[in-house]
Structure formats: structure tokens, C-alpha cells
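Have a look at the structure below, then the notes.
The values are calculated or read from the model by the stated rules, or taken from the named source; none is laboratory data. Please read these numbers as outputs of a predicted model, since none were measured by experiment. Reconstructed Cβ throughout: ideal geometry from the backbone, glycine too, with neighbour counts over all protein chains shown. Each accessible area value is taken on the protein alone, full model and side chains, heavy atoms only, with ligands, DNA and RNA left out. Shrake-Rupley method; radii C 1.70, N 1.55, O 1.52, S 1.80 Å.
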Amino acid sequence: MRILITGGSGFLGSHLSEKLVKEGHDTICLDNFYTGNRQNVQHLLDYPNFELVRHDVTFPYYAEVDRIYNLACPASPVHYQANPVQTTKTSVHGAINMLGLAKRTGARILQASTSEVYGDPEVHPQTEDYWGRVNPIGIRACYDEGKRCAETLFFDYHRQNNVEIRVARIFNTYGPRMQPNDGRVVSNFIVQALNGQNITIYGDGNQTRSFCFVDDLIEGLVRFMELEENFPGPINIGNPCEFTILELAESIIRLTNSKSKVVFKALPQDDPMQRKPDIGLAQSKLGWEPKIQLEEGLTKSIEFFSKLDKISG
Ligand code: NAD
Ligand code: UDP
Ligand code: UDP
């Protein structure tokens, strides 16, 4: 198949590119290199079925493809808040352009949506039928509302133009090829622990997240895209094992044998207190559930970060 991956040189996009290229698909990896980098896909450049394109999804793009994975969008709060207007444009204009492409070519298109559509949730664990609790004018809104509007566009192109869509709500995912300066919690803590720096916990560390290792996530996305039943979703994809941020810090300190101390910093505005996917739908529709638990995934991630020449947080 001919497959387009937007955001293909980012953390998740590079793992997805690698899987699809190795399966023999003609793969176009499109990226503006805002948070992704060439290094992530360097090892794929020699494959004749891999093509790397510098392009910003907020502008139209023309290619003939069978599948589109729409992953373009900075995912770390630090990066998506650095230029919030561009973040909303990427989600909204990017979705319109990629849906326009899907409509013209008849390609099936998957949206990398997010658990952030649930905001700071009152329903726990989060099920797909929960509409969420998002502050529309807060500092996370550029990302949360951009992704919510993208979901709206996906479902309207589906209803109005019969575009075959797949909306995946991805929960916190981590692993090799996150950038050391990405700003998300797992990479921050590992880099700090390896450098012997203080581990920066925002708030009291009692907020929770449920962390999915990248290989599991990619398997879930591809299964959803290739599901024979024309099921648009949304489907939660993530690991339901829930941890406090303090527990995460303690695990990383232990696994790295670090002497780092935990320090407490201010909790950012609208930081969700709890997050855990209900994955019943993914289990029944896709026959999928995560296999790699936190300690094993952290060990693989620590190995990746400890091999980087120079790491800086
Ligand atoms: P990432 O920041 O590593 O990757 C995003 C990629 O998109 C980068 O390569 C970046 O350069 C590219 N990009 C950004 N704006 C673009 C634009 N306008 N045009 C073209 N390319 C652009 O993040 P990630 O963790 O790999 O996330 C990938 C997708 O999955 C994102 O859409 C994100 O919202 C979603 N997601 C990720 C997680 C997670 O925990 N990793 C959770 C929920 C949703
Ligand atoms: N588009 C694109 N690539 C394509 C087809 C469309 O980037 O192969 C863009 C196009 O520029 C338009 C958007 O997708 O702005 C939405 O397309 P649609 O056909 O839905 O809308 P229209 O062109 O009628 O405004
Ligand atoms: N966090 C933290 N220290 C850091 C980075 C993040 O305590 O150095 C916290 C953050 O406040 C949030 C959780 O870890 O409660 C997850 O943050 P991340 O940015 O990884 O993802 P998100 O908040 O989007 O789930």
C-alpha cells in the first residue's frame, strides 16, 4: 500500500514509519521538523520504499495514497504551548487538508487524537462515551480544543463525504526516540536521573497517569487502521495501569541507580489530576491490549537515553 504519515519523523511517527517500511509499504513521511528530527528516521533513508518530505500540514499537500496516518502536532505541553496559535492551526487546518486529500483519493485516514479530549476528567477510568471537561480558554486549550475540533472534522467528513475514518484517542505513551528536551514527564525524569539532577515533580506528585510503551501503541494504531469493519471509533489506545507521578519518579530513580533527589515545583494550570483509559472497546474490536508493563518499558527507555552522546534536559 501507499501510506502517508504526517508527523512521521516525530517520536510515534518514526516508530510507525519503521514498522510500515519494514512491512514493505511505500511510505511517505511528511514533517516540518518542529519537534521531530531527521535523526529519528535516518536509518530508513536507504530503503527504496521510504520517502522523507519537508512540509507543513497547515498547507495543502497532494499525493496519491491508500492510507493516511495524521500524527502531525507537537504533543508535549512545553512545545505545544510555545506557539499556541500554530498548534491549533496544525490540528485544525492540518485535519482539513488531510481530510481533503482522503476525500479526493479515497484513502482511509487515522487521526492521532488524545486522552486530552477528556480534559481534567470526572469519569474514571475514561470511556469513549465521556464528553470530557476541557477549559476552552486555558493554556492547554490550543492542544485540547484543536484535537477536539479535529475529531469533529473527521466525523463530519465521514458523514458528509463518506471518508473512511479511524479516530484513535492515544493516552500517555513513552519510549526510545523521545527527544531529551521533549519536556514530557518520562523523558524529563530519565534525563534528570541519568545526569544526577533534581527530579522536578510538578505539584505534590499525587496526580496520576497511565503509561503505554511505544511498541504496544503502534501495534494498536495499525490494527485499528486495518480493521475490516468500517468502524470510525473513537477508540482509546493506552495502558490502563495507573501510577502517581511520585511513583514514576521513584521507579526511575531505582532503575537508574540515581542519587537524584525529588524536588517539588508549581503545578501548571489545568494539569489533569487523573487519567486512565478504559480499553474495553480496543480489546473487543481490535483484540488488542498492551503487553509491556512500566518497569520493562522504562528499562528500554533508560537504555536509549543512556546511549545518547550528550543528554541535556
Ligand atoms: P512529537 O512531537 O514527537 O511528534 C509530532 C511530529 O509532528 C513532529 O515530528 C513534528 O515536527 C511534527 N509536526 C508538528 N507540527 C507540524 C506541522 N504543522 N506540519 C508537519 N509536521 C508537524 O509527538 P508524538 O508523541 O510523536 O505525537 C504524535 C501524535 O500523537 C501527535 O498528534 C500527538 O498529539 C498524538 N498523541 C501523542 C501522545 C503521546 O503520549 N506520545 C498522546 C496523545 C496523542
Ligand atoms: N486538499 C489537499 N490535498 C488534496 C485535496 C485537498 O491538501 O489532495 C486540501 C484543499 O486545499 C482544501 C482542503 O484540503 O483546502 C479541504 O478539501 P475539500 O475538498 O474538503 O474542500 P474544498 O477544496 O472544497 O474547500
Ligand atoms: N510532570 C512533572 N514533572 C515534569 C514533567 C511533567 O511532574 O518534569 C507532570 C505534569 O505536571 C503532569 C504529568 O507529569 O501532571 C504528565 O505530564 P506530561 O507533560 O508528560 O503529559 P500530560 O500532562 O500531557 O499528560
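Compute the angle between helix 214-225 and the longest alpha-carbon principal axis of the chain, please, reported from 0 to 90 degrees and rounded to the nearest 10.
20
Among the listed pairs Lys147/Lys285; Lys89/Lys307; Lys22/Lys291, which have their C-alpha atoms separated by more than 29 angstrom in this model?
Details: Lys147/Lys285 23 Å; Lys89/Lys307 36 Å; Lys22/Lys291 21 Å.
From Lys147/Lys285; Lys89/Lys307; Lys22/Lys291, over 29 Å: Lys89/Lys307.
Taking θ as phi - 60°, what are the ³J(HN,Hα) couplings along the stretch 247-259 by the Karplus curve (6.51, -1.76, 1.60), each to the nearest whole Hz, with x for Gly and Pro?
Working through the residues one at a time gives 4, 4, 4, 5, 4, 5, 4, 5, 6, 9, 6, 8, 9 Hz.
Where the accessible area of the chain is counted over protein heavy atoms with a 1.4 Å probe, how much of it, in %, is carbon and sulfur? It would help to have the intermediate numbers written out before the result.
Numbers: 6710 of 13440 Å².
Percent of accessible area from carbon and sulfur atoms in the chain: 50.
So what's the gap between the Cα centers of the stretch 155-184 and the stretch 69-118, to the nearest angstrom?
The stretch 155-184 and the stretch 69-118 have Cα centres spaced 8 Å from each other.
Can you tell me the accessible area per residue over the stretch 164-262, all protein chains present, probe 1.4 angstrom, in square angstrom? Provide the component values of the computation, followed by the final result.
On the way: 3400 Å² over 99 residues.
Ligands and nucleic acids excluded, the figure is 34 Å² per residue.
Indicate, rounded to the nearest 5 percent, the antiparallel portion of the DSSP beta bridges found entirely in the chain.
Numbers: 3 of 38 bridges.
Of the beta bridges lying entirely in the chain, close to 10 percent run antiparallel.
When the chain is fully extended, how far beyond the present Cα-Cα distance does Asn198 get from Glu229, taking 0.36 nm per residue of separation? Intermediate values should be presented prior to the final figure.
Working: separation 31, 0.36 × 31 = 11.16 nm, distance 4.91 nm.
The span from Asn198 to Glu229 would gain 6.3 nm if fully extended.
Using a 10 angstrom Cβ neighbour count of at most 13 plus a DSSP loop assignment to flag exposed GluC sites (Glu not before Pro), which longest range of the chain is free of such sites?
Details: sites that count: Glu23, Glu64, Glu122, Glu226, Glu228, Glu229.
It works out to 123-225.
Among residues other than Gly203 whose Cβ falls under 11 Å from its Cβ, what is the net charge (Lys/Arg +1, Asp/Glu -1)? Could the numbers behind the result be given before it?
Details: positive: Lys265; negative: Asp204, Asp271.
Result for the local shell: -1.
Let me have the relative contact order for the stretch 1-155, percent, based on Cα pairs under 8 Å that are six or more residues apart.
Numbers: 271 pairs, mean separation 33.2, N = 155.
Contact order relative to length: 21 percent.
With every protein chain kept in the model, how would you rank Lys89, Lys307 by accessible area, 1.4 Å probe, largest at the top?
Lys307, Lys89
For the stretch 1-142, what does the accessible surface come to per residue with a 1.4 Å probe? Please give it in Å². Spell out each step's value before the answer.
Working: 6000 Å² over 142 residues.
On a per-residue basis, the stretch 1-142 sits at 42 Å².
Determine, from the Cβ-Cβ distance of Lys19 and Ala266 and an R0 of 25 Å, the FRET efficiency 1/(1 + (r/R0)^6), rounded to the nearest 0.05.
Numbers: r = 39 Å, r/R0 = 1.56.
FRET efficiency, Lys19 to Ala266: 0.05.
At 222 nm, what helix-only mean residue ellipticity would the chain give, in deg cm²/dmol to the nearest 500, using -39500 (n - 2.57) for each DSSP H run of four or more?
On the way: 9 runs with 115 residues, N = 313.
The helix contribution divided over the chain gives -11500 deg cm²/dmol.
Measure nothing fancy, just the Cα-based angle from helix 141-161's long axis to the longest principal axis of the chain, in degrees from 0 to 90, nearest 10.
It is inclined by approximately 20 degrees.
Around Thr90, with a cut-off of 13 angstrom between Cβ atoms, what is the net charge of the other residues, counting Lys and Arg +1 and Asp and Glu -1? Could the numbers behind the result be given before it?
On the way: positive: Lys89, Lys147; negative: Asp31, Asp56, Glu145.
In short, -1.
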